[in-house]
Amino acid sequence: MPVDMNGYWKMVSNDNFEEYMKALDVNVAIRKIALLLKPDKDIVQDGDHLMIKTLSTFKNYNMDFHVGKEFEEDLTGVDDRKCMTTVTWEGDKLVCVQKGEIEGRGWTQWVEGDELHLELRAGGAVCKQVFKKT
């Protein structure tokens, strides 16, 4: 049985985010705005169907997927690319592989106690984010 990620999560830390955005070739103006934000995550999980909403005062991003099924992800508003995305369970961790223009792009997400951990990867850069359940 997969770990329960349901809930509303508030960001408490965001390490190396600027380097991650540089690896995605996000322009400097957007990077400066994004660095000021502390987005929340609203996750609704029904078995292997997940809806992850990333919410901020600047932009929102919604991801709706079934674990194990490849889909085309439209990253408009993130870095304005499209990629083929697959999310799988590796133990209690969700592991995402995003195939497209950026080498090594993806993320890993897991829960430890009342914290949601998210490791974002792109082009050799790694960003580590932590969210606390509210």
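What follows is calculated from the coordinates using simple rules that are stated; it is not laboratory data. Predicted model, so just to flag it, every value in this text is computed and none were measured. All Cβ positions, even for glycine, are placed from backbone atoms using ideal geometry, and neighbour counts span all protein chains on display.
A few comments on the model shown:
- Computed label-point distance, nm, for sites residue 133 and residue 25 using a 7 Å Cα→Cβ extension: 4.0 nm
- Radius of gyration, Dmax [segment 7-133; alpha carbons; angstrom]: 13.7, 39
- Annotation for segment 46-108: GluC sites (Glu not before Pro) lying in DSSP loop with at most 12 further Cβ atoms inside 10 Å of their Cβ are 103.
- Rounded to whole Hz, the Karplus (6.51, -1.76, 1.60) HN-Hα couplings of segment 92-104, x for glycine and proline: 9, 10, 8, 10, 10, 10, 10, 8, x, 5, 9, 5, x
- A cut-off of 5 Å between modelled amide H atoms, ignoring neighbours fewer than 5 places along the same chain, links residue 13 with 130.
- Under 15 Å of direct C-alpha separation, and excluding same-chain neighbours fewer than eight residues apart, residue 41 reaches these aspartates and glutamates: 4, 64, 114, 115, 119.
- Positive-end ranking of 13, 2, 33 along the dipole of segment 1-91, with charges on Cβ about the Cα centre, is headed by 33.
- Taking a point 7 Å from the Cα of residue 81 along the Cα-to-Cβ direction, the residues of segment 1-44 with backbone N closer than 12 Å to it are 21-26.
- Helices in the chain, meaning DSSP H runs of at least 4 residues, each add -39500 (n - 2.57). Divided by all residues, the mean residue ellipticity at 222 nm is -3000 deg cm²/dmol.
- For residue 105, residues with placed amide H under 5 Å, excluding near neighbours: 98, 123
- Working from label points 7 Å from Cα in the Cα-to-Cβ sense, the residue 72 to residue 37 distance is 2.4 nm.
- Residue-by-residue Karplus 3J(HN,Hα) for segment 82-90, coefficients 6.51, -1.76, 1.60, Hz, glycine and proline x: 10, 8, 8, 10, 9, 10, 10, 8, 10
- The Cα trace of segment 53-127 gives Rg and Dmax of 12.6, 35 Å, the first to one decimal, the second as a whole number.
- With a simple spin-label model that places each label point 7 Å from the Cα along the Cα-to-Cβ direction, the separation between residue 99 and residue 51 comes to 2.8 nm.
- Close amide H partners of residue 75, meaning residues 5 or more places away or on another chain with modelled amide H under 5 Å apart, are 81, 82, 83.
- Highest-MSF residue in the chain out of 52, 43, 33 [GNM, Cα springs under 10 Å]: 33
- For the cross-link pairs 53/132; 69/132; 99/132; 69/93, the ones whose C-alpha atoms lie over 23 Å apart are 69/132; 99/132.
- The magnitude of the dipole of the chain, with charges of +1 and -1 set on the Cβ of Lys/Arg and Asp/Glu and taken from the Cα centre, is near 460 debye.
- Alpha carbon centroid spacing (whole Å) that separates segment 4-22 from segment 71-120: 12 Å
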